[in-house]
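Read the structure below first, then the notes.
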Amino acid sequence: LRQLDRPPRWGSRLLRALAHGVSAGAIAVLFGLSGADVWVSAVNGLAIGLLGLLAARNAHFAAGYEAMAALMVALFTAWYSAQVGPLEVNTVLVASLIVLLPGMMLTTAVNELAVQHLVAGMSRFAGASAVLLKLVFGTAAGLEIATVLGFPQQVAQAQALSEPWAWLAVAVASLNFALLFKADWRDYPLVMASAAAGFAVARLLGFNYGAEFAAFGAGLFVGVLSNVFARISNRPGAIVRVPGIIMLVPGSTGFRSLFLAIQGEVSQGLDVAFALLLLLIALVAGLLFANVLITPRRSLS
């Protein structure tokens with residue numbers, strides 16, 4: 001407990017800030033963006049990580065950290081798109097903010113509500129909603145400031161990188177998620193394999209059966225895998241489950257729905273919000289079905 005209470009070392013903080021940038025760039029590749037979009041996403045992610053170092057030392061700044069990070073990212077992205085080269089602005093913004101998006105929090109909230117942990121579920125859902133609202137407000141404010149400064153959005157159609165780049169991005173993102181989750185060094189291969197396996201199953205099913213069934217199937221696969229791991233090793237299944245679904249949680253969908261609404265596209269925002277609800281239900285259903293097929297832990301009696 002004393003070791004957990006110690007503040008992280010400065011080198012560890014810088015490494016985590018760098019991981020923000022690498023994760024954003026890797027996710028941009030998975031979103032099918034071009035080289036320039038990936039580079040800008042990585043720079044934005046690194047800036048968010050460095051800004052997080054300040055938030056960790058200032059409680060007052062930490063309360064508005066997400067909004068300030070989103071504003072900074074939106075302003076830089078709009079400037080680059082107007083002055084250097086057109087970008088797929090909206091997708092770059094989502095990729096840049098991916099580490100801050102509360103997809104895991106939303107999924108956990110729905111899971112807690114499904115198992116009748118109502119107080120915890122509603123509290124977590126409210127917290128995730130607050131984070132989304134701060135991110136959306138900061139993004140909208142940054143784009144508006146950019147327009148006032150004379151940097152109107154210049155949107156370009158992204159040219160996706162080749163398939164080998166996508167799988168390289170999966171490996172890099174998996175390594176960075178192990179770092180951001182503060183996993184033990186001995187668990188790095190397991191965490192990376194779990195993240196890659198969850199993504200691979202979702203990608204395979206998504207090509208053939210659609211996003212909702214892909215989320216359900218991947219959630220079921222990761223849930224069963226984590227429960228088997230917990231029963232065999234007598235260690236927490238979260239070591240496998242959390243990284244396994246981290247690239248499946250629909251945090252970006254929630255951000256898109258609110259961002260569309262604040263831009264005046266209310267009808268389209270509602271459509272995306274409904275898609276978010278379906279994805280959350282499908283993913284949580286997969287995890288719950290996994291617990292029915294294989295109980296999470298052995299009985300200690």
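The values are calculated or read from the model by the stated rules, or taken from the named source; none is laboratory data. For clarity, every value in this text was computed on a predicted model and none was experimentally measured. For neighbour counting, all protein chains shown are included, and Cβ atoms are generated from backbone atoms with ideal geometry for every residue, glycine included. Side chains included, ligands, DNA and RNA excluded: accessible areas come from the protein's heavy atoms. Shrake-Rupley method; radii C 1.70, N 1.55, O 1.52, S 1.80 Å.
How many nm is it between the label spots at Val119 and Glu144, if each spot is 7 Å from the Cα in line with the beta carbon?
Here the answer is 3.9 nm between the modelled labels.
Mind ranking Glu66, Glu265 by accessible surface for me, highest first, 1.4 Å probe?
Reading off the accessible areas and sorting them downward yields Glu265, Glu66.
Taking only C-alpha pairs under 8 Å that are 6+ residues apart, what is the relative contact order of segment 43-145 in percent?
37 percent
Ranked from highest to lowest mean number of other Cβ atoms within 10 Å per residue, what is the order of the peptides 207-214, 252-259?
252-259, 207-214
Where does each of 55-62, 37-44, 15-22, 121-128 land if you order them by average Cβ count within 10 Å, highest first?
37-44, 15-22, 121-128, 55-62
Work out how much length Leu277 to Arg235 would gain on full extension: take 0.36 nm times their residue separation and subtract the Cα-Cα distance, in nm to one decimal.
12.0 nm
Just grab the label-to-label distance for Ala56 and Lys182, each label 7 Å out from Cα along the Cβ direction, in nm (one decimal).
Spacing of the two 7 Å Cα→Cβ label points: 0.9 nm.
List, in order, the whole-Hz ³J(HN,Hα) value for each residue of segment 23-32 obtained from phi through the Karplus relation with A = 6.51, B = -1.76, C = 1.60 and θ = phi - 60°; use x for Gly and Pro.
5, 4, x, 5, 5, 4, 4, 5, 7, x
Hey, what did the chain get for relative contact order, percent, Cα under 8 Å, at least 6 apart?
RCO, the chain: 19 percent.
Could you do me a favour and compute the accessible area per residue for segment 69-206, 1.4 Å probe, result in Å²?
47 Å²
Efficiency by 1/(1 + (r/R0)^6): what FRET value for Ile262 and Ala126, r their Cβ-Cβ distance, R0 = 25 Å, to the nearest 0.05?
Efficiency, from the Cβ-Cβ distance: 0.85.
Would you mind calculating the relative contact order of segment 169-301 from Cα pairs under 8 angstrom and at least 6 residues apart, reporting the percent as a whole number?
It rounds to 30 percent for segment 169-301.
Tell me the mean residue ellipticity at 222 nm calculated for the chain from its helices only (DSSP H runs of n ≥ 4, each -39500 (n - 2.57), averaged over every residue, nearest 500).
Computed ellipticity for the chain at 222 nm equals -26000 deg cm²/dmol.
Kindly express, to the nearest 10 degrees and within the range 0 to 90, the angle between helix 65-83's C-alpha long axis and the longest C-alpha principal axis of the chain.
On a 0 to 90 degree scale, this one is about 50.
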